[in-house]
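Novice: The structure's right below; bear with me while I get my questions together.
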Amino acid sequence: MSQKPNNYSSAIYKEPGPVLDKESPFESMMERFRFASNILDLDEGMFQYLSNPVKTVIVSIPIIMDNGNIRVFEGYRVIHDNVLGPSKGGIRYTPNVTLDEVKALAAWMTWKCAVVNVPFGGAKGAIRCNPKELSLRELEQITRRYTAEMIEVIGPDRDIPAPDMNTNEQIMAWIMDTYSMHARRTENAVVTGKPVILGGSRGRKEATGRGVVTVTLETLNKLGIMANKCRVVIQGFGNVGSVTARLLYERGARIVGISDVTGGYYHPDGINIDNALMHVQQNGGTLAGFEGAEMITNEALLELDCDVLVPAALQDQINKHNARNIKAKAIVEGANGPITANADAILDEMGIMIIPDILANAGGVTVSYFEWVQDRHGYFWTEDRVNRRLNRMMRDAFQLLYQVKEKYDITLRQAAYVYAIQKVSDTLRLRGIYA
Ligand code: NAD
């Protein structure tokens, strides 16, 4: 059976909640979820099941601040789904976070884990706070109290947090320690993204960028372009962007454009990435003042002529306003939600191949899964073993989704959602609904 995407687009489902902007990453995700549900002819009950989180927990976190006053913060943990296994997802500390945002991000994790065949459901957590205004002691107190309040929610067999915006290895170490104190034993599998010395995995820091590179190489293969002949533009030079740049550079790719919050940097013959990395290391973590390339704006960077564009910075970067100016042959989404649903349709029309975020940046959650496996075995792998297994899982996921794409004659993004939703709903049908 081969049908055109438009045949699926007349949604039979009611919009859950208000009709939101298709330029927002969360509504974009819901739009894609609805589309895939229609392709699969998912029944209304299953659609409702997968639209709603299985558990939403809100806690108050009272803390004695450094000045002696009590302040109460709000914390969330949303488990979207745990059909495939314990749920998994980061915890973010941001001042404006909302419960709706956390719910959408939790659903996103369900689809991401399913796509790479990691046996986890999806979850997300957050504390509404501004870490920049908190001392280290206050941050630790907030983290420990949040963990204590969530003691019946999280756990190595239940729900496994990880770092996200403004949370890091140290915060994961505090969560692990607090949980372990309550459990009366060391339980390092309760969180991932820990320091290696506490049971973290080798290769975790580079995993997302490494996964981006694996799927980029698969994409180049499909496009018939040799890695050492391709021209790449990367937006963002942080964890994901810089690792992607370095590994592709090592394979002989010409990295013609890179950027960070200080602007874009362009060289038609290719930028020396070793020099760029050294510059960032020696200059306060940014590319400001880098002389190995011409400076351009971040807007112009996205529109450079190249084979592969890797947005690895922020959401909503390619939208209805600039999509028509994109000249890349393929876009690999290193960031979460860098292309809006409106832009998706335009890029598809232009014949640009998109490797969706839930596949492209799933290397991070894949190595988080490896970390959990290693913690539970108490046996730790070499970095080489981590990288080999990561590459294999990313390659397999790419090939699998490519088959789904061809079967239904849809985009790779639509294929990712179709595959994920099918996997979760098939599993749920077999397990049945407990009552
Ligand atoms: P990071 O903070 O290490 O790096 C972000 C980079 O983007 C920095 O170089 C920053 O200067 C740059 N940037 C910020 N604003 C910019 C702008 N307006 N234009 C161009 N560049 C800008 O973050 P990261 O961990 O590399 O994450 C990047 C993206 O990848 C995020 O969307 C994140 O959610 C996603 N992601 C990260 C991981 C991971 O394991 N780190 C996993 C999955 C998805």
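Novice: So if R0 is 45 Å, what FRET efficiency would Asn221 and Lys132 give, r being the distance between their Cβ atoms, rounded to the nearest 0.05?
Specialist: After rounding, the FRET efficiency stands at 0.55.
Novice: What list of ³J(HN,Hα) couplings, whole Hz, do you get for region 265-278 from phi and the Karplus terms 6.51, -1.76, 1.60, once you set θ to phi - 60° and write x for glycine and proline?
Specialist: Result, ordered by residue: 9, 10, 9, x, 8, x, 8, 6, 6, 4, 5, 5, 5, 5 Hz.
Novice: Which of the lysines could a cross-linker span from Lys205 if the Cα-Cα distance has to be under 29 Å and same-chain partners fewer than 8 positions apart are dropped?
Specialist: Lys88, Lys103, Lys112, Lys124, Lys132, Lys194, Lys222, Lys229, Lys329, Lys423
Novice: Using θ = phi - 60° and the Karplus curve 6.51 cos²θ - 1.76 cosθ + 1.60, what whole-Hz ³J(HN,Hα) does each residue of region 47-58 get, with Gly and Pro shown as x?
Specialist: Here the 3J(HN,Hα) series is 4, 4, 4, 7, 7, 10, x, 6, 8, 10, 10, 10 Hz.
Novice: How big is the accessible area of Val83 in square angstrom, nearest 10, if you roll a 1.4 angstrom probe over the protein chains?
Specialist: 10 Å²
Novice: Below 8 Å, C-alpha to C-alpha, sequence gap of six or more: please give me the relative contact order for the chain in percent.
Specialist: With pairs under 8 Å counted, the relative contact order is 17 percent.
Novice: Turning to a different aspect of this structure: Which percent, nearest 5, of DSSP beta bridges in region 76-216 are antiparallel?
Specialist: Values: 6 of 17 bridges.
Percent antiparallel among DSSP bridges in region 76-216 is about 35.
Novice: A further question on this structure: Take every DSSP beta bridge with both residues inside region 63-136 and express the antiparallel ones as a percent of the total, to the nearest 5. Present the calculation step by step, with values, prior to reporting the outcome.
Specialist: Values: 9 of 15 bridges.
Restricted to region 63-136, the bridges split so that about 60 percent are antiparallel.
Novice: Also, quick follow-up: Please report the net charge: other residues with Cβ closer than 12 Å to the Cβ of Arg231, K and R +1, D and E -1.
Specialist: Values: positive: Lys229, Arg254, Lys327, Lys329; negative: Asp269, Asp305, Asp307.
Overall, the nearby charge balance is +1.
Novice: Okay, next question. So for the pair Asp43, Asn228, with labels modelled 7 Å out along Cα→Cβ, what separation do we get in nm?
Specialist: 5.7 nm
Novice: Using modelled backbone amide H atoms (1.01 Å from N, in-plane), which distant-in-sequence or interchain residues come within less than 5 Å of Cys230's amide H?
Specialist: Those lying under 5 Å, H to H, from Cys230 are Arg254.
Novice: For region 171-192 and region 385-429, write down the distance between their C-alpha centroids in whole Å.
Specialist: Computed from Cα coordinates, the inter-centre distance equals 32 Å.
Novice: Would you calculate, for the chain, the mean residue ellipticity at 222 nm contributed by helices, counting each DSSP H stretch of 4 or more residues as -39,500 (n - 2.57) and dividing by all residues, to the nearest 500?
Specialist: After summing the helix terms and dividing by residue count, I get -14000 deg cm²/dmol.
Novice: List the longest stretch of the chain that has no exposed loop site; here a site is one of the chymotrypsin sites (Phe, Trp or Tyr not before Pro) assigned by DSSP to anything other than H, G, I, E or B, with at most 12 other Cβ within 10 Å.
Specialist: It runs 1-378.
Novice: For labels at Asp274 and Thr262 in the simple 7 Å Cα→Cβ model, what's the distance in nm?
Specialist: 2.1 nm
Novice: Using θ = phi - 60° and the Karplus curve 6.51 cos²θ - 1.76 cosθ + 1.60, what whole-Hz ³J(HN,Hα) does each residue of region 228-243 get, with Gly and Pro shown as x?
Specialist: Per-residue couplings from phi come out as 7, 10, 8, 10, 10, 10, 10, 9, x, 10, x, 3, 6, x, 6, 5 Hz.
Novice: Once ligands and nucleic acids are excluded and a 1.4 Å probe is used, how much of Lys229 is accessible, expressed in Å² to the nearest 10?
Specialist: 140 Å²
Novice: For region 207-360, what proportion of DSSP beta bridges, expressed in % and rounded to the nearest 5, is antiparallel?
Specialist: Details: 7 of 22 bridges.
Roughly 30 percent of the DSSP beta bridges within region 207-360 come out antiparallel.
Novice: If we count every other residue with Cβ under 9 angstrom of Met394's Cβ, Lys/Arg +1 and Asp/Glu -1, where does the sum land? Could the numbers behind the result be given before it?
Specialist: Details: positive: Arg210, Arg392, Arg395; negative: Glu218, Asp396.
Computed value for this residue: +1.
Novice: Can you bin the chain into rounded, prolate or oblate? Criterion: square roots of the alpha carbon gyration tensor eigenvalues sorted a ≥ b ≥ c, rounded for a/c under 1.5, prolate for a/b above b/c, oblate for the rest.
Specialist: Numbers: a/c = 1.56, a/b = 1.15, b/c = 1.36.
Taking the square roots of the gyration eigenvalues as a ≥ b ≥ c, the chain is oblate.
Novice: Continuing with the same structure: Quick one: compute the contact order of region 53-188, relative version, from alpha carbon pairs under 8 angstrom and 6+ residues apart, as a percent. It would help to have the intermediate numbers written out before the result.
Specialist: On the way: 275 pairs, mean separation 36.3, N = 136.
Normalised by residue count, the contact order of region 53-188 is 27 percent.
Novice: For region 53-188, rounded, prolate or oblate, judged on the Cα gyration tensor with a ≥ b ≥ c (square roots of eigenvalues), a/c < 1.5 rounded, else prolate if a/b > b/c?
Specialist: prolate
The values are calculated or read from the model by the stated rules, or taken from the named source; none is laboratory data. None of the values given here were measured: they were computed from a predicted structure. Using ideal geometry, Cβ is built from the backbone for each residue, glycine included, and neighbour counts are taken over all protein chains shown. Surface accessibility is based on the protein's heavy atoms, side chains included, excluding ligands, DNA and RNA. Shrake-Rupley method; radii C 1.70, N 1.55, O 1.52, S 1.80 Å.
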